[in-house]
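Below is one structure, written out as structure tokens; the observations come after it.
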Amino acid sequence: MRWWKVAGLAGLAGVAATGVVIARAERRRRAYTPDEIRQKLHERVSETEPVEKSAD
């Protein structure tokens, strides 16, 4: 095989692998219900420290 065929096949494999990773991440993201997302956001907010406002 010529080098350009090998490079083309490697590029095609890279594009396919990237598509698989993106599809898998999208399925995980869409698997949450709105209530689960809301609960996770509330947990994140409760973990943060309160910000003190300066008296201007």
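Observations, loosely collected:
- Between SER46 and LEU12, the distance separating the two model label sites (each 7 Å from Cα on the Cα→Cβ line) works out to 5.3 nm.
- Difference of contour (0.36 nm per residue) and Cα-Cα distance, VAL21 to TRP3: 3.8 nm
- Orientation-averaged projection of the chain equals 8.3 nm² [convex hull of Cα atoms, one quarter of hull surface area].
- FRET efficiency estimate (nearest 0.05) - Cβ-Cβ, LYS53 to ARG29, R0 35 angstrom: 0.55
Here, each number is a calculation from the coordinates, and none is a lab measurement. Computed from a predicted model, the values in this text were never measured in an experiment. Glycine gets a Cβ as well: all are built from the backbone with ideal geometry, and neighbour counts include every protein chain shown.
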